[in-house]
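Let me begin by presenting the structure, written as structure tokens, before commenting on it.
A short reminder: the numbers here are calculations on the coordinates, not readings from a lab. In this text the structure is predicted, and so the values were computed from the model without any measurement. All Cβ positions, glycine included, derive from the backbone under ideal geometry; neighbour counts span all protein chains shown.
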Amino acid sequence: MRRPLIIGNWKMNKTASEAGAFIHDLRERLPASPNADVVLAPPFTALESARKALGPSSWISLGAQNVHWEQHGAFTGEVSAPMLRELGCRYVIVGHSERRTLFGERDQDIQKKVQAALTYGLSPILCVGESLAEREAGRTESVVTTQLTGSLAGLTTEDLATVTIAYEPVWAIGTGRAATTEQAVAVHRSIRLFVETGWNSETASAIRILYGGSVTPQNIESLLASDPIDGALVGGACLNPESFATIVGIAQTRRA
Ligand code: 13P
């Protein structure tokens, strides 16, 4: 049974001190022994204070929102996987649609980021998803398959064991218009089939596939009621401790 996973992607929100205050508030609202995995992905500048606020034995993990594929060097403004590891990160989001559309990331860049994350012991959270025009043109599955093919090229079954895939339709991100459970389930099924075809059925049944895009305390229950959806990558609703704790609480009651 796959354990539910809820990730809060803070995007470019909260300073270091705001992160500390947020986490103290959030921890008060969450149980001591959870039935779900939770990851917080603050901006780079807040990782250190987030780690301090979580404490050494926290069951909540830290993730970063991006990583460069090189270990070090002349890459002004970039941050590498070993740097993130040393700050206590266990996860890193790669290929978010905002990185793809606003910063020109291509599948071959994302593939190198996935590899770098794996090399340095970070679990990649690979984001894929189609635009509205692509959905309306009936191209959802082919777009997602192309993204997966490019981004996961060369990975072994052992590598896949630490990868999470997040299906985030671009039209659902920040719009208040989440995919319906049926729409999300259809894409989740095709992603799992892609993994089964490219690797094997054991890997496909073990990999966690999340949904992201306007997830709220109101719609999380119906999304998670569907077996192929293993959790959520939450944007706007993760910035408020009450709504994020509610989402985590609902995820916990789902599959213990
Ligand atoms: P929203 O939840 O704000 O739609 O953002 C989703 C997202 O992009 C998470 O990575």
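List of remarks:
- Helix runs (DSSP H) in the chain reaching 27 Å along axis by Cα, Kyte-Doolittle at least 1.0: none
- Count Lys and Arg as plus one, Asp and Glu as minus one, and take only other residues whose Cβ is under 15 Å from that of ARG99; the net charge is then -1.
- For region 1-82, convex hull of alpha carbons as volume per residue, Å³: 115
- Note on region 173-222: Kirkwood hydrodynamic radius from all Cα pairs is 12.0 Å, rounded to one decimal.
- Once the Cα-Cα distance is subtracted from the 0.36 nm per residue extended length, the THR162 to GLU78 segment shows a gain of 27.9 nm.
- Compactness index (Cα Rg / 2.2 N^0.38 Å), region 25-69: 1.23
- Distance between the C-alpha centres of region 60-116 and region 137-151: 21 Å, rounded to the whole angstrom.
- Annotation: Cα Rg of region 1-140 relative to the compact-globule expectation 2.2 N^0.38 Å equals 1.12.
- FRET efficiency, 1/(1 + (r/R0)^6) with R0 45 Å, evaluated for GLU86 and GLU182 via beta carbons: 0.55
- Cα pair distances in region 154-196, grouped into 5 Å bins until the bin that holds the longest one, percent each: 5, 18, 24, 20, 15, 10, 6, 1
- Whether region 126-211 is rounded, prolate or oblate, judged on the alpha carbon gyration tensor where a/c under 1.5 counts as rounded: prolate
- Candidate lysines for bridging to LYS14, where Cα separation is under 20 Å - those fewer than 8 sequence places away on the same chain excluded: LYS52
- Within-11-Å neighbourhood charge of GLU130 [Cβ basis; K, R +1; D, E -1]: -2
- Volume per residue that the Cα convex hull of region 66-194 spans, once the total is divided by residue count, Å³: 119
- Proximal lysines to LYS112, defined as alpha-carbon separation beneath 28 angstrom and excluding residues fewer than eight positions away on the same chain: LYS11
- Normalising by residue count, the chain has a Cα convex hull of 117 Å³ per residue.
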